[in-house]
Amino acid sequence: MYDIVFISYEEPNADKVYKDLKARFPMAKRVHGVKGIHQAHIAAAKKCFTKMFWVVDGDAQLKEDWKFDYIASEWDMEAVHVWRCQNPVNFLEYGHGGVKLLPRQLTIDMDITHPDMTTSISNKFFAHEEISNITAFNTDPFNTWKSAFRECVKLSSRLIRGQVDEETEMRLMVWCNEGMDKPNGDYAIMGANAGKKYGEANQGNKEALFKINDFCDEHNIDAQIRIDGGL
């Protein structure tokens with residue numbers, strides 16, 4: 001029913017993940033190397049011809065039984081749909097890294113000044129309980145650190161519209177403490193704690209929070225945190 005777009009930037013395993021996706025879903029398209037999360041999703045939307053389109057992240061390993069078979073009702077076609085995802089480091093299961101179904105035109109017209117891309121597209125949001133994939137973000141030290149950092153900045157800064165405090169605190173606790181024995185788990189925990197610190201220090205600072213969407217700025221944030229003793 002809807003176009004499928006694979007969005008990648010510098011994920012080390014992106015080519016293999018895309019190859020596996022194409023083997024199962026030959027009509028899938030790819031957007032690669034577009035700087036900025038908002039801009040990458042806008043580019044993805046412009047490649048599509050259907051009113052909604054699926055997004056698969058560059059480190060998403062789809063479940064074997066996953067099918068792109070959800071059909072949105074007329075009302076749902078203006079909503080952002082996010083499916084649950086399994087975290088291979090700390091085993092959290094929620095929308096972080098999950099497959100998304102987005103309204104095409106609203107994505108093209110999204111507010112690119114809002115730091116959280118997913119909630120900047122529409123004021124309608126639907127979280128699906130089904131698990132779509134494993135988010136294999138822990139492929140190397142920096143990408144592991146980066147993913148944990150970004151997510152925990154969003155959680156700790158209360159950036160995500162509609163987030164529940166009790167749920168957020170539980171997720172932060174798990175990100176910051178669990179998974180040391182998993183591949184690159186130490187970097188996930190370091191990134192999570194650095195992100196928590198940065199998010200708490202910059203609550204309400206839209207300019208500072210927006211930097212998590214810029215690959216180059218993440219290097220600058222990392223360096224500054226190290227100078228300040230954050231790690």
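The values are calculated or read from the model by the stated rules, or taken from the named source; none is laboratory data. This is a predicted model, so every value here is computed, not measured. Every residue, glycine as well, gets a Cβ built from its backbone with ideal geometry; the counts of neighbours run over all protein chains shown. Note: accessible area is taken over every heavy atom of the protein model, side chains too, but ligands, DNA and RNA are not part of it. Shrake-Rupley method; radii C 1.70, N 1.55, O 1.52, S 1.80 Å.
In whole percent, and with a 1.4 Å probe on the protein chains, what portion of the accessible area of region 61-113 is carbon and sulfur?
50
Gain in length, E200 to D20, computed as 0.36 nm per residue apart minus the alpha-carbon separation, to one decimal in nm?
Roughly 60.9 nm would be gained on extension.
Just from its helices, what would the mean residue ellipticity at 222 nm be for the chain, if runs of 4 or more DSSP H residues each count -39500 (n - 2.57) and the sum is divided by every residue, rounded to the nearest 500 deg cm²/dmol?
Calculated mean residue ellipticity at 222 nm is -12000 deg cm²/dmol.
With everything on Cα atoms, drop me the angle between helix 141-156 and the longest principal axis of the chain, reported from 0 to 90° to the nearest 10.
Compared with the principal axis, the helix lies near 90 degrees.
So if we plug the beta-carbon distance of E207 and M27 into 1/(1 + (r/R0)^6) with R0 = 41 Å, what FRET efficiency do we get, rounded to 0.05?
0.55
Expressed in whole Å with the largest first, what are the equivalent ellipsoid semi-axes of the chain derived from the C-alpha gyration tensor as the square root of 5 times each eigenvalue?
Its equivalent ellipsoid spans semi-axes of 27, 20, 17 Å.
Past 30 Å, Cα to Cα: identify those pairs from K29/K206; K35/K197; K16/K146; K67/K206; K47/K124; K16/K46, in the order given.
K29/K206; K67/K206
Could you do me a favour and compute the accessible area per residue for the chain, 1.4 Å probe, result in Å²?
Here the residues of the chain average 48 Å² of exposed surface.
Dividing the alpha-carbon radius of gyration of region 106-212 by 2.2 N^0.38 Å (N being the number of residues), what value is obtained?
Ratio of Cα Rg to 2.2 N^0.38 Å: 1.10.
Net charge around K196, counting only other residues with Cβ within less than 13 Å of its Cβ (Lys, Arg = +1; Asp, Glu = -1)?
Result for the neighbourhood of K196: +2.
Given Cβ point charges of +1 (Lys, Arg) and -1 (Asp, Glu) and nothing else, what value in debye, to the nearest 20, does the dipole of the chain about its Cα centre take?
680
Work out Dmax and Rg for region 109-161 from the C-alpha atoms and quote the Rg first, both in angstrom.
Expressed in Å, the Cα Rg and Dmax of region 109-161 come to 13.4, 35.
Going by average Cβ density within 10 Å per residue, which order do the peptides 49-55, 167-173, 115-121 take, highest to lowest?
Going by the mean number of other Cβ atoms within 10 Å, highest first, we get 115-121, 49-55, 167-173.
Using alpha carbon centroids, what distance separates region 170-191 and region 97-129, in Å?
Centre-to-centre (Cα) distance: 27 Å.
Can you give the relative contact order of region 42-102 as a percent, counting alpha carbon pairs under 8 Å and 6+ residues apart?
Answer for region 42-102 is 41 percent.
State log₁₀ I(q)/I(0) for region 1-67 at q = 0.23 Å⁻¹ as given by the Debye formula over alpha-carbon point scatterers of equal weight, solvent excluded.
The Cα Debye sum returns log10 ratios of -1.00.
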